[in-house]
Amino acid sequence: MKACLFAGDRLVLTDGACALPDLAEARGWGAGEAEWFPATASRPAATDIAPTAAGRGAHAPEAPCSRAGTAAAIPAPAPTTPGVSALAAQAAPGWTPPEGVAAIGLRRALVLLQEPDLTVALTAAHLARWRRTSRFCGVCGAATEPSPRHQAMACPACGHLSFPKVSPAVIVQVTRGSRILLGRSRRHPHGAFSVLAGFVDPGESLEDTVRREVEEESGIRVRRIRYFGSQPWPFPDSLMVGFAAVYGSGTAVSRDDELEDVGWFAADALPPVPPAYSIARALIDDFARRNGVDPARIPTWKRR
Ligand SMILES: [Zn+2]
């Protein structure tokens, strides 16, 4: 059985590892009286992002993993895993990893871990954070405990159940002829752009969110909204729902506090964009392919 040990939001791995440790190894790290809980990713580990096979499994691990040096944008074959499980736990507060072991950020894990460990680690990270932030009942304030019947934290005092929170967000490929609409966020690495995205508000359909977010962030109104694919994105608890839409009207101008710049780009003149694992990149690669550009030639941003 594999193990996902977290120190806060950080995943604990052996230095240089591109795989999760076994449970016995992780237990040997002395993380205190960690309570281990099951985390199962019951979907294919490889891409199911339609309509093109980019994304999951296509990331290029860094040395010393076997595929080090392969181009990040080359989609790997899409192996499927019927269900991968691990046990996960939160290290005691103040715990210090032993020699040769380190706690790394989840975005770093995106680069380091191979499938299917990456998928189960991201699922475990989502669950671990939910458990860590659901220790008290939101109704009566009593300490909660894991429900024996549901994937939920249960209140022994009032019976309230708190289920894992999933926050849906849309992410949109907007095209106008042979160009794509991209924005530059203050959170992106310098000079890097991506497709527009935003969280779903209460009362909105996903299509409503697509229309609102694109117009709020860029001034562009879109039409012909169609579903593209989705991706769990536990940073910290999102489900990214991808859409493609085409230009309807308006002039691209940065109108959102979060965006420094927004504009139209041709497939053969793209700025640095997100790495291959993300649905953002799958949307951009799809646009590039449809316009005759090999996604391997698209510049990929590097995190600071
Ligand atoms: Zn309660």
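Readers should treat all values here as calculations from the given coordinates under stated rules, not as data from a laboratory. The structure presented is a predicted model; accordingly, all values stated were derived computationally and were not measured. Neighbour counts are summed over all protein chains in view; Cβ atoms, including those assigned to glycine, are modelled from backbone coordinates with ideal geometry.
Quick notes
- Average silhouette area of the chain, convex hull of alpha-carbon atoms, in square nanometres: 17.0
- In a DSSP loop and with at most 14 other Cβ atoms within 10 Å, the trypsin sites (Lys or Arg not before Pro) in the stretch 199-280 are 255.
- The stretch 87-240: relative contact order as a whole-number percent, Cα under 8 Å and 6+ apart: 17
- Within the shell of other residues whose beta carbon sits under 10 angstrom from the beta carbon of residue 273, the net charge comes to 0, with Lys and Arg scored +1 and Asp and Glu -1.
- For the chain, with +1 on Lys and Arg beta carbons and -1 on Asp and Glu, the positive-most of 242, 5, 160 along the dipole: 242
- Length-normalised contact order for the chain - Cα pairs under 8 Å, 6+ apart - percent: 19
- Counting every other Cβ atom within 10 Å of each residue's Cβ, 145, 99 order from fewest to most as 99, 145.
- Stretched out straight at 0.36 nm per residue, the stretch from residue 254 to residue 149 would grow longer than its current Cα-Cα span by 33.0 nm.
- Beta bridges per DSSP with both ends in the stretch 167-297, % antiparallel, nearest 5: 75
- A cut-off of 5 Å between modelled amide H atoms, ignoring neighbours fewer than 5 places along the same chain, links residue 254 with 262.
- Centre separation in Å (Cα based) which lies between the stretch 103-140 and the stretch 227-262: 23
- Taking θ as phi - 60° and the Karplus parameters 6.51, -1.76 and 1.60, the scalar couplings of the stretch 190-195 work out to 3, x, 9, 10, 8, 5 Hz in sequence order, x denoting glycine and proline.
- ³J(HN,Hα), Karplus 6.51/-1.76/1.60, whole Hz, each residue of the stretch 14-24, x for Gly, Pro: 5, 3, x, 6, 10, 9, 6, x, 6, 4, 4
- MRE, 222 nm, helices only [DSSP H, n ≥ 4, -39500 (n - 2.57), over the chain, to nearest 500]: -5000 deg cm²/dmol
- Taking a ≥ b ≥ c as the square roots of the eigenvalues of the Cα gyration tensor, the stretch 167-297 is classed as rounded, since a/c falls below 1.5.
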